[in-house]
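The structure under discussion appears below in the form of structure tokens.
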Amino acid sequence: MREVAVIGIGETKFGELWDKSFREIGIEAGLLAISDSKIKGEEIDALYIGNMSAGRFIDQEHIAPLVADYVGLAGQNLPATRIEGAGASGGLALSSAYMAVASEVHDIVVVGGAEKMTDVSEVYAQEILASTADQEWESVFGATFAGLHAMIAKRHMHEFGTTREQLGMVAVKNHKNGALNPNAQYRREMALEVVLRAPMVAEPLGLFDCAPLSDGAAALVLCPLDKAKEYTDNPVRIASCGQAGDFMALHDRRDICTMDATVVAGKKAFKYAGIGPSDINLAEVHDNYTISEILAIEDIGFFKKGEGGKATEEGKTALNSEISINSSGGLKARGQPVGATGVAQAVEVVRQLRGEAGDRQVKDARYGLTHNVGGTGASVIVHIFEGGV
Amino acid sequence: MEVGIVSYGAYVPRYRIKPHEIAAVWGVDGDAMSKGLGIQSKSVPGPDEDVITIAVEAARIALSRCKIDTKDIGSIYVGSESHPYAVKPSATIVAEAIGATPDLTAADYEFACKAGTAAIQTCAGLVGSGSIKYGVAIGSDTSQGAPGDALEYTASAGGAAFIIGSENVIAKINRTCSYTTDTPDFWRREGEKYPSHGGRFTGEPAYFKHIISCAGNLMKKQDTKPSDYNYAVFHQPNGKFPVSVAKKLGFTKEQIKEGLLTPVIGNTYSGAVMIGLAAVLDVAKPEDRILMVAYGSGAGSDSFDITVTDEIEKLNRNGTQSVSALIKNHKFVSYATYAKYMGKIHLRGA
Amino acid sequence: MAIPRFWREIPSRYNLIGTECGNCGKRYFPPRIICPQCHRKSFGKMKNVRFTGSGEIVTYSVIHNAPKAFEMQVPYIIAIIEFEEGVRATGQIIDCEVEDVKIGMKVSPAFRKIGEDGKSGVIYYGYKFKPA
């Protein structure tokens, strides 16, 4: 295994991109990452794209060669592969690319993540999201994706006394960060009262406890660390990657309030990186619902089980506090184009570790972590990055 | 061979609507409607309930009370005028849901409000001939009255299931007889959502003539008189007709009280006399004699002379599954909720 | 939902048929072909068993924002139920007011419509749960 570095990053603005098609956003993010890294198109060995459900969102399967084609690389017969792992699709595309470079199969690899969600109705989009849970034994009974997370929240409140206000504070914090991110879908702060007064989606989760439906794409360029300086002055090392799985349905999990896949993926990532949770300066965690962020910061090991809500309330996860969680605004404010999420999380961490995050810069950041979840926790992938290498 | 009821179960959805709620929508005097029809409330099926779910719930209650092997069920007939499918039997779904498939015969019946008793007769015949060990006869409906029509105040939902056999019989069917003519008092044409009726024509030449004739014929054949019966259950399209027909036949209010449920749950159509009989069996003692007379528009009556046996004491008749418990467990809904649950609100297409 | 896909699951949807591992005796719902504890040792030894469907609510939510097929039922309750046999399943809670549902509440199974392929399509039936 050889060390791998991120040498280029790119992302579109996230949001309701009515005037842009799937292929346009894919190209936009890819070209931004390629130009950021100073590589030439013909140097690219492979393309990996994380995408959850183009087949249902835009009636188009086989999207990897489509993007390669419209980026202008079809002529060089570039191998292009789509990776699907529900909400973790982007993170899994990154890990595939990382392993391809680390194992010396490829040298220069582009990783993309893209989803176009607003070409279908919101109701249908929610049904597509619900299909990442167990369609036969959860969704069919009317258990929506928000509903499954709401059941996690309800149990967490029951066991640990987590409050509706603490859930809301996750949204407040992430909106505060998102307001500082030019690419975020929501660039406005949101008062706690507004979050709490929002109409209920699935009790106890209100509308503003849920990440939005978004269009967007993000991309990274990877190469061996020892060649990284040829392409950038500021490479970021991928310190480790840890992936874990779990039972498909929420009701089959060992503990409803713990995402075991996060615990295991996190432990693996920390072990390979040779560091622990307290070494991490910033983390982009999978906050598709406010409760998800609370589970993530507990299960990764930043806070004790049951204390995620309290930590949020005490401001320990705010920008430049104990640990900066979701400096980008997270899925909540940056937006949630599903397949793009894992890649966009990496884009944010790399940007932070390069010191290029502007108003939301995390000070003296050396280690950053990304945490990307598929379904209600049946797939989890964690990456750790190191800057200043 | 002694043929009769081995077990039974009734089911009534928990939602209710008052006639005043309906009357207010149509600018009608609710009190007058309530008094005129003898109705205080009627049952309303939940949005996820239909004839099949009601039939299954009733059949499962019946099975839970006795110890028969579901593989010994040789026939299932589901009587209803509101089968969810115009083509595709309700009975196969019920058979599957109670674990009786595949070695049995099954079919759906329709005879307005007496399709359930027609099912009892068929099962009794099959048991009596030795063709089957047990038969399940179900009457279940989620009947609809057109918005604003007088029927809207009474048409309700519910059902009952009777397991018919010749072993461990809790109530022996001494005799059943029928009375059938072509009398178009009430009908629903294929493809129509709501039924039509002949107004006052549904009374004298239809309901009264058939029930009185059928009950009279049975008592004559059995050489019985009204006072020989502890209980009588007559079809009950509203709260008034059964009281009136009982009086005409010479039965007292006491005899019909236990089986008269329409005033609180409405007319459950194919379920009506069957839920009434279930309510009577809930309280009946060995040796009690019951007269049941169903009426189905179109038109016909089925009458039954039934004697309760000692076996009834062994049946679990208590708890949440009794008819009185079903009636007690209720929630009143507004006309708006009723309209939503009954599919009267038109949603945009998918 | 495609008809054959639903039809195959009828035993479990109507009668809560699951499986029991012939090696370790652990029970599963829905049915599994392989016991996650015994792996190879369970091959060919998974036996069908019927669950009572009675149990208690582990957690729940009241759904306000529903898929098209459930629009008429909002607000409705979904829950994870732990059967008395120790196995968990997800389902709807019916005949219960949204303000009355609680973690730990005892429930029993009910037979209801769980969906349909539009007004002209097949109706799907299956289990839901009601207060015991």
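Throughout, read-outs are computed from the coordinates displayed, never taken from laboratory work. Owing to the predicted nature of the structure, the values given are computational and were not obtained by experimental measurement. Neighbour counts are summed over all protein chains in view; Cβ atoms, including those assigned to glycine, are modelled from backbone coordinates with ideal geometry.
For the stretch C:21-35 versus the stretch B:1-75, the spacing of their alpha-carbon centroids is 38 Å.
Ordering B:P226, B:G36, B:A106 by Cα displacement along the dipole of the protein assembly as shown toward the positive end leaves B:P226 in first place; charges were set at the Cβ atoms of Lys, Arg (+1) and Asp, Glu (-1). Beta bridges assigned by DSSP with both partners in the protein assembly as shown are antiparallel in approximately 75 percent of cases.
Simple spin-label estimate for A:H62 and C:D100 gives 5.6 nm between the two label positions (7 Å along the Cα-to-Cβ direction from each Cα). Modelled this way, with points 7 Å down the Cα-to-C-beta line, the labels at A:R197 and A:V123 are 2.8 nm from one another. Evaluating 6.51 cos²θ - 1.76 cosθ + 1.60 at θ = phi - 60° for every residue in the stretch B:117-130, the Karplus couplings come out as 6, 4, 5, 4, 4, 5, 4, 4, x, 5, 5, x, 7, x Hz, glycine and proline recorded as x. Footprinting exposure proxy ranking of B:S156, A:S139, A:S37, B:S129, fewest other C-beta atoms within 10 angstrom first, gives B:S129, A:S139, A:S37, B:S156.
Under the definition of Cα pairs under 8 Å and six or more residues apart, what whole-number percent is the relative contact order of the stretch B:174-311? Please report the intermediate quantities before stating the final value.
Numbers: 248 pairs, mean separation 47.8, N = 138.
Relative CO of the stretch B:174-311 lands at 35 percent.
Taking all Cα pairs closer than 8 Å and separated by 6 or more residues, the relative contact order of the stretch A:197-351 comes to 31 percent.
Which whole number gives the average count of other chain Cβ atoms within 10 Å of the Cβ atoms across peptide C:71-81? Don't skip to the end; give the middle numbers.
Values: counts 6, 8, 6, 3, 3, 5, 3, 10, 6, 13, 1.
Mean partner shielding for this stretch: 6.
Among A:62-75, C:59-72, A:144-157, A:163-176, what's the highest-first ranking by average C-beta atoms within 10 angstrom per residue?
Working: A:62-75: 18.4, C:59-72: 21.5, A:144-157: 27.1, A:163-176: 23.0.
In descending order of packing, they fall as A:144-157, A:163-176, C:59-72, A:62-75.
FRET efficiency for the A:E24 to B:T70 pair, using the beta carbon distance and R₀ = 51 Å, is estimated at 0.25. The convex hull around the C-alpha trace of the stretch B:128-228, projected and averaged over every direction, spans 9.6 square nanometres. At q = 0.17 Å⁻¹, what base-10 log of I(q)/I(0) does the Debye formula yield for the stretch C:52-131 when every alpha carbon is treated as an equal point scatterer in vacuo? For the stretch C:52-131 at q = 0.17 Å⁻¹, log10 I(q)/I(0) is -0.65. Pull out a ≥ b ≥ c, the square roots of the eigenvalues of the alpha-carbon gyration tensor of the stretch A:284-389, then state rounded if a/c is under 1.5, prolate if not and a/b is larger than b/c, and oblate in the remaining case. Oblate, because a/c is 1.5 or more while a/b does not exceed b/c. Both the radius of gyration and Dmax for the stretch B:1-64 are 17.0, 57 Å, in that order, over alpha-carbon atoms. Translational diffusion coefficient of the stretch C:17-75 (Stokes-Einstein, Kirkwood radius from Cα pairs, 37 °C, 0.692 mPa s): 236 µm²/s. Give the residue from A:I280, A:A217, A:T162 lying farthest towards the positive end of the charge dipole for the stretch A:153-288; charges sit on Cβ (+1 for Lys and Arg, -1 for Asp and Glu) and the dipole is referred to the Cα centre. Most positive-ward Cα: A:I280. Counts of other chain beta carbons within 10 angstrom of each beta carbon in peptide A:202-209 average 3. In terms of overall dimensions, the C-alpha atoms belonging to the protein assembly as shown reach 110, 64, 53 Å along their principal axes, ordered largest to smallest.
What do the square roots of 5 times the Cα gyration tensor eigenvalues come to for the stretch A:1-83, in whole Å, largest first, as semi-axes of the equivalent ellipsoid? Kindly include the intermediate steps, with their values, before the conclusion.
Values: eigenvalues 95, 49, 34 Å².
After scaling each eigenvalue by five and taking roots: 22, 16, 13 Å.
What order, most packed first, do the peptides A:339-350, A:235-246, A:378-389, B:53-64 have when packing is the mean number of other Cβ atoms within 10 Å of each residue? Provide the component values of the computation, followed by the final result.
Details: A:339-350: 32.0, A:235-246: 22.5, A:378-389: 24.2, B:53-64: 26.7.
Going from most to least packed, we get A:339-350, B:53-64, A:378-389, A:235-246.
How far is helix A:260-273 tilted, in degrees, relative to the longest principal axis of the Cα atoms in chain A, given as a value from 0 to 90 rounded to the nearest 10? Here the helix axis deviates by roughly 40 degrees.
What's the magnitude of the charge dipole for chain A around its Cα centre, counting Lys and Arg as +1 and Asp and Glu as -1 at the beta-carbon? Answer in Debye, nearest 20. Don't jump to the answer; show the numbers that get you there.
Working: 36 positive and 52 negative charges, 160 e Å.
Value, rounded to 20: 760 debye.
A quarter of the convex hull surface defined by the alpha-carbon atoms of chain A gives 16.5 nm² as the mean projection.
Each Lys and Arg Cβ is given +1 and each Asp and Glu Cβ -1; about its Cα centre, the stretch C:52-131 then shows a dipole of about 200 debye. A Förster radius of 51 Å combined with the Cβ-Cβ distance from B:D29 to C:A132 puts the calculated FRET efficiency at roughly 0.75.
Cross-link list B:K18/B:K328; B:K88/C:K113; B:K172/B:K314; B:K35/B:K328; B:K18/C:K128; B:K114/B:K209: which exceed 20 angstrom alpha carbon to alpha carbon? Can you show the working numbers first?
Values: B:K18/B:K328 15 Å; B:K88/C:K113 16 Å; B:K172/B:K314 15 Å; B:K35/B:K328 22 Å; B:K18/C:K128 27 Å; B:K114/B:K209 15 Å.
Violating the 20 Å Cα-Cα cut-off are B:K35/B:K328; B:K18/C:K128.
For the pairs B:K220/B:K257; B:K42/C:K130; B:K240/B:K340, flag any whose C-alpha to C-alpha distance is greater than 26 Å.
Details: B:K220/B:K257 24 Å; B:K42/C:K130 21 Å; B:K240/B:K340 29 Å.
Pairs exceeding the cut-off: B:K240/B:K340.
Only Cα sites of the stretch A:258-345 enter the Debye sum here, all with the same form factor; the resulting log10 I(q)/I(0) across q = 0.12, 0.20, 0.25 1/Å is -0.33, -0.97, -1.43, listed in q order. Protection proxy ranking for B:270-278, A:276-284, using the average of other Cβ atoms within 10 Å per residue and placing the highest first: B:270-278, A:276-284. For the pairs A:K267/A:K316; A:K154/B:K344; A:K310/B:K331, flag any whose C-alpha to C-alpha distance is greater than 29 Å. Violating the 29 Å Cα-Cα cut-off are A:K154/B:K344; A:K310/B:K331.
Over every Cα atom in the stretch A:163-207, the radius of gyration and the widest Cα-Cα span, Dmax, amount to 10.8, 32 Å. The alpha carbons of chain B give a radius of gyration and a Dmax of 18.7, 61 Å, in that order. The mean number of partner chain beta-carbon atoms within 10 angstrom of a residue's beta-carbon across peptide C:108-119 is 5. Across the stretch B:1-125, the convex hull enclosing all Cα atoms gives 144 Å³ per residue.
Can you put B:C113, B:C214, C:C21 in order of Cβ neighbours within 10 angstrom, beginning with the fewest?
Numbers: B:C113 31, B:C214 23, C:C21 20.
Exposure proxy ranking, most exposed first: C:C21, B:C214, B:C113.
Just checking the listed ones, C:I81, C:I103, C:I94: in the Gaussian network model of chain C with Cα springs under 10 Å, the one fluctuating most is C:I103.
The trypsin sites (Lys or Arg not before Pro) of the stretch A:268-351 that DSSP puts in a loop, and whose beta carbon has at most 14 other beta carbons within 10 Å, are A:K304. A dipole drawn for chain B from +1 and -1 charges on Cβ atoms has a positive end, and of B:L260, B:Y179, B:M292 the residue lying farthest that way is B:L260.
Taken along the Cα-to-beta-carbon direction at a fixed 7 Å, the label points for B:E167 and C:V74 span 5.3 nm. Does the stretch A:53-113 come out rounded, prolate or oblate by the C-alpha gyration tensor, with a ≥ b ≥ c the root eigenvalues, rounded set by a/c under 1.5 and, if not, prolate when a/b is larger than b/c and oblate if not? Since a/c reaches 1.5 but b/c is at least a/b, the shape of the stretch A:53-113 is classed as oblate.
May I have the convex hull volume per residue, in Å³, for the Cα set of the stretch B:262-350? Could you put the intermediate results ahead of the total?
Details: hull volume 14.7 nm³, N = 89.
Convex hull of Cα atoms, per residue: 165 Å³.
In plain terms, the chain from B:K88 to B:N217 could stretch by 42.8 nm, reckoned as 0.36 nm per residue minus the Cα-Cα distance.
Measuring between their Cα centroids, the stretch A:62-105 and the stretch A:278-309 lie 29 Å from each other.
Listed values for the stretch A:335-344 are Karplus-derived 3J(HN,Hα) couplings in whole Hz (6.51 cos²θ - 1.76 cosθ + 1.60, θ = phi - 60°), namely x, 9, x, 2, x, 7, 3, x, 6, 5, and x replaces Gly and Pro. Please report, in debye to the nearest 20, how large the charge dipole of the protein assembly as shown is about its Cα centre when each Lys and Arg carries +1 at its beta carbon and each Asp and Glu carries -1 there. The dipole magnitude comes to about 1840 debye. For chain A, what relative contact order do you get, as a whole percent, if you take Cα pairs closer than 8 Å and at least 6 residues apart? Averaging sequence separation for qualifying contacts and normalising by length gives 26 percent for chain A.
For A:W18, B:W26, A:W137, what ranking results if the residue with the fewest other Cβ atoms within 10 Å of its Cβ goes first? Walk me through the numbers on the way to the answer.
Working: A:W18 8, B:W26 14, A:W137 21.
Ordered from fewest to most neighbouring Cβ atoms within 10 Å, A:W18, B:W26, A:W137 come out as A:W18, B:W26, A:W137.
With coordinates expressed along the principal axes, the C-alpha atoms belonging to the stretch B:174-311 extend over 48, 30, 24 Å, beginning with the largest.
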